[in-house]
Every structure is written in structure tokens, then in C-alpha cells.
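See structure below.
The values are calculated or read from the model by the stated rules, or taken from the named source; none is laboratory data. Model, not experiment: these values are computed from the prediction. Don't worry about glycine lacking a Cβ; one is built from the backbone with ideal geometry, like all the others, and counts go over all protein chains shown.
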Amino acid sequence: MPRPRPLTNVATAVPDTSEQLTPRTPHNFNNGSRTSRAEQGFAKLQLSEDNDEEYDEQDTLQSAPLLASSSTARFSIRSSRRRQSPATKNAVQRNVMMLHPTQILSVAISRLPLAFGIFMGGVLLILIVLSFTRPDDLHRYIGAKAPSTSSTQSTTSPSPPESKSNLLSYENYTTFPLHTNEYLIECAKQHQGYMAPTEVTGISVQWVHWTLNMTPICQFVRAAALARERNRTFLVDDTYWNRGKWLDHFEDVRTRQPGPEPDCKPPPPDEMVACPRTSRHWIITSRTAKFHFGHAFANHYEDPYAHQLNRLKPIFASSARSLESTVRPNAQNMGLLRLTQAEFSSFLTEVNQGDKEYVGTHIRRGDRKSLSYSFLDRKIPTKEYLDAVEKTWARLHKGMPSQIHPVVYLATDSSNVHKEFSQVYEGRSFSLFDSSDPRLSSLASPAEYIQKEFNVLDLRERIAATRGMIVDLAMVGGLWTEEKDLKPEAVICGLSSSVCRLAAVGMGWEKAFGQVDDMGSIDPNGKGWIDVDQKGQIIPVWEAFELF
């Protein structure tokens, strides 16, 4: 047999497919001949080469005879590539690039979004750095007016609004200050959602006010702390408060927290507005509190590096400080508290033979509903409180000699609850209903607290009921007490009541929640604050505010 002719196309080792590919009849393809299959495989290789894509070499090898000569069209293209010289390979690549300019343009266009994203990311990074390091320059570059942060802003005229959108008109009102619902309506016109705290907006505020309209104590306590931290003046306007005057129950807040200008006068009523935050005076009510103490406020004042309950520890601490230093009962109410402490101490001595430990329990009735829907009519049964008292006492005194049934100080707005608790509980209990001192027994709630019914009571009855509530709050939670005074070992209450939230503050962080772990979970063995409403099923188990 003659030797095969030497290769003549060594440079590329790829045959001209236009000459070797010949048309095939359907008969040839249907028969599935080896030649047709091989040429199908070669066509596949050409398609991959034209698209400049990687392919499966194993598939290529299976589509051609294993012993194919390098001179045939079945020889592997990849093998031929390995034999190309650098110069030849570059020539082939140049030819490919010249033959496919649309591919070059397509690749360039596909990279544009990435390049644009990198560019915009750099711009945003520069703006963020400038906002922290050179905010004044940033405002000048973008043409915006920098907000004033001076604490010595004039009190004779209001600051001009930054834009027409912040202009608030009270021309339709003739009586000032407005009612709480009217303030709510005006705030809703200005803001879609919660407003950011002062530190975030950078707005200078000269006054912080509080109009009381059946507002729980836990809400205005934080308003006092906000004014103190921002070095502003905290005032109380009691025009529409239906429990008498502020001074009927508490000390003047400016005595203990005078603010940066102790001799300044309150603003005229027609300057008292709740929104916008660019105004010099704020009215914070139970209806407008959500615009001031919302998500932005929480995100700013909570501990950002903590988890769950631990995030709220700074707010808890500042609330406790406000109750200790700013919001304090006046001399008359402190005298009533001392009388209650003395009578209850004698009661404990008689029952416990000198042991001063007790459990505070608060049961709210009236128009207040539980947060949980698991209770009938959303009223927490008295049995839930009774069971919690005994379980908590047994847990806190495990292995220690103590009374099986602790003495309970019962605070409630319902005489029916008082009777039921006294009859069912196997231990002993004490409340303002049980006091032998008429000065104290007259402070017991005249009826279950329902807002509309309370409003029609005589002013003297409303003032007396409010004093009784202050005494009960102090006895249940340990607020406004001294070192020698009686304090509860534990508190049983429902989270739906503001008294329950405040009782935790009065007890203190560790006594209320025990040794909270790093993830912010309450201590199940050492906690002394017991919520029978949600029973720890919500996270966090305690919150400072109840926003409407």
C-alpha cells in the first residue's frame, strides 16, 4: 500500500468545510450511517467554533472515529489548536475578531450597567462621608439650606418654615390650645407616618410640651427624658386634663428639671402646635405621640448592638430617671403613700410574723381589653392572676422556707374583682378597699374605669380616684419609694395596662427581668415581672410605649 501523501495544510490543520460538506438525501440521514453521524458531529463543532464557546470534548470525541487521521475533517479541532504557533494563533484570533464585530459591541454594552453601578456607588460613598464630616459644605454643594442647630434661637418669633409643605395653618381654629384629636388631624396632614427624632432631623426645638388627656404616665415620662437629653424645656399644659390640675398630684416639673432657660415663660396658646417638627413648640399628646416616638425614634435611642429586650435598656434607664427626678408626687400624695406604707407594714407584720415580703398584683377592668384574643370577651380571668401569684412565689423561693401563699397587695379599679380575689385566694391580700383609714379607703376606685363614665364624675371624685391610682402604682411597682420602704418581691399584671409597663420600671431592670442573656431573652428563673396577658409570647416581652 502506498504511503499517504504528506499534510499540505499544517498551519491550520482545519480543512475547508465548504468543499468537504456535501448535501445528503433524507435516505442517508434516516439510515443513520456512520458517515452522516460523523458529519453531524463536525457541523456541531463548527457551530461551537463560530460562537467562540467552550464545549464538551467528550461529546466531540464520541462523534468521530477514534482512529481518524489528522488530515480528515473528523480530526479534533481542539487538538489542532494545541499545535498552532503563537503567530498563527494570533492571526486566527484577529481574523475571528474582524469577522464578528457585533460580538465586540454586544460585550461592551453588557458591561455598561456594571460600570454605571460602580460609578454611582462611588458617588454615594462620597456623599455619605461628606454628610458626616462636612455637612455644611454638602448643603452648599447641593443648594439646600442647612437647618439651624443653635440652642439660643429667639423665642419672640417662630422659625420660618423651610418650604411651603411645612406651612401649617390654624386659621380655622378659634380656641387654643387645640383638643388632642384636632392636633392629630393637623399632624396627619403634614406627615405620612412617624416623624424622626430631633437628632436625626437636626431641627432646633426650643420647647417640648405635654397636653394631658387621659394619657398613661409611661408616655409622658419619655417626653421628659427627650427634653432633658436635647437640653430643651419640658412643660406641662393641663388645660384639658380631666383629673384636676397637674399640681394637684405632682410637683412642678420645672422645679426638678428647669431646662436651659429656667426663667423663660410658656408660649402663648396660639403658638402651641404638635406638627411640624420645625416649629419651636411641640404639643405631645396621647394622639400625637406616634409622630414623635415612632420607629425612627426607637432606632435612634435603642441600643443598636443589642438584641431583643437588651435593645430597650437605654430607654428603660432614661424612663426610670424621669420617674425618679422629674415626675414625682406632690407633698399631699407622698403623705398618702406614707400612710399606705405604714398600714400595710402593720398588716404584713401581723400575717407574716415580721416578714415584709409581698407580691404586687394589678387587675384592670372597665373599658380596657387584653392584648391577647385567647380570653373570653378579651378580659383576663382572675384565676390567671391567682395561678401566677403562687407559681411565681414558689419559683422565687424554691428551697427556701417561706409562706406557701404570699401576702398580695391588690390594685384594681373594680370592687367586684376585689371581692372575688379575697374570697378565692387562699392567702391574705390587702388593698385600698380594705384600709381602715378613711383617708385611704376614700381613694379606692369608685367604679370600673370607663372613660365616658369617669368624665361625668364630680371633679373631687376624679381627683381622689387619681390619687388612689398613684398610691396603687407606687405600692405595686415600688415607685417613689426609699430604701427603708416596702417593695414588692414580684409583680403580676397584664401588659395591656400602662400600670404594668410602669411597674417594671419601678422594680428595676434586674429584679424585673432577671439575668437577661446576650440575645435579649428574659430570665425564666429570676424574673419578677410577670405578664399574664401575652405571657412572654411577643418579642420583646416589654415595651416602653403604647402608641395609638
Item to check | Only one of 256, 287, 243 that is among the basic types (Lys, Arg) and either assigned by TED's automatic domain parsing to the domain that holds residue 452 or over 28 Å from residue 458 (Cα atoms) (or both) | outcome: 256
Checklist outcome for this item: Checked pairs for the stretch 381-397, first among the aliphatic types (A, V, I, L, M), second in a helix (DSSP H, G or I) and buried (at least 20 other Cβ atoms within 10 Å of the Cβ), C-beta under 6 Å and 6 or more apart or across chains, list as none
Checklist entry - Could we say that residue 380 is of a type in the set (A, V, I, L, M), farther than 24 Å from residue 247 by Cβ, assigned by TED's automatic domain parsing to the domain that holds residue 497 and surrounded by 15 or more Cβ atoms within 10 Å (Cβ to Cβ) here? => result yes
Item to check | the stretch 287-315 residues that are under 12 Å from residue 518 (Cα atoms), paired with ones that are part of a helix (DSSP H, G or I) and of a type in the set (A, V, I, L, M) (beta carbon under 9 Å, 6 or more apart) | outcome: 306/312; 311/298
Next on the checklist: Every residue in the stretch 445-465 that is part of a loop (DSSP other than H, G, I, E, B) and not acidic (Asp, Glu), please.
Outcome noted: 445, 446, 447, 449, 450, 456, 457
Checklist entry - For the stretch 405-433, which residues satisfy the criterion of being within 23 Å of residue 353 (Cβ to Cβ), part of a strand (DSSP E or B) and of a type in the set (Gly, Ala, Ser)? => result 429
Item to check | Close pairs from the stretch 232-248: first more than 20 Å from residue 264 (Cα to Cα), partner crowded, with 20+ Cβ neighbours inside 10 Å and at pLDDT below 85, Cβ under 7 Å, at least 6 apart | outcome: 240/211; 241/212
Checklist entry - Only one residue in 377, 367, 355 is of a type in the set (D, E, K, R), touching a residue at least 40 places away in the same chain (Cβ under 8 Å) and under 19 Å from residue 412 (Cα atoms), so which one is that? => result 367
Checklist entry - From the list 512, 474, which one is within 15 Å of residue 411 (Cα to Cα) and among the hydrophobic types (A, V, I, L, M, F, W, C)? => result 474
Checklist entry - Do we have any residue at all in the stretch 477-485 that's part of a helix (DSSP H, G or I) and either out of contact with any Phe, Trp or Tyr (no Cβ under 7 Å at 6 or more places or on another chain) or not assigned by TED's automatic domain parsing to the domain that holds residue 408 (or both)? => result yes
Checklist outcome for this item: Cβ pairs under 8 Å, 6+ apart or interchain, first in the stretch 449-467 and closer than 10 Å to residue 242 by Cα, second surrounded by 11 or more Cβ atoms within 10 Å (Cβ to Cβ) and among the aromatic types (Phe, Trp, Tyr), ordered by first then second residue, are 462/454
Next on the checklist: Between a residue in the stretch 490-505 that is part of a loop (DSSP other than H, G, I, E, B) and any residue that is crowded, with 24+ Cβ neighbours inside 10 Å and basic (Lys, Arg), which pairs come within a Cβ distance under 9 Å, given they are 6 or more apart or on different chains?
Outcome noted: 494/364; 495/501; 496/364; 497/364
Checklist outcome for this item: Inside the stretch 378-397, the number of residues satisfying the requirement of being touching a strand residue (DSSP E or B) at 6+ places or on another chain (Cβ under 9 Å) and in a loop (DSSP other than H, G, I, E, B) is 1
Next on the checklist: Take the conditions farther than 18 Å from residue 487 by Cβ, crowded, with 16+ Cβ neighbours inside 10 Å and modelled with pLDDT under 95 and apply them to residue 322. Does it pass?
Outcome noted: yes
Checklist outcome for this item: The lone condition residue 436 fails out of (1) part of a loop (DSSP other than H, G, I, E, B); (2) of a type in the set (Gly, Ala, Ser); (3) in contact with a strand residue (DSSP E or B) (Cβ under 9 Å, 6 or more places away or on another chain) is (3)
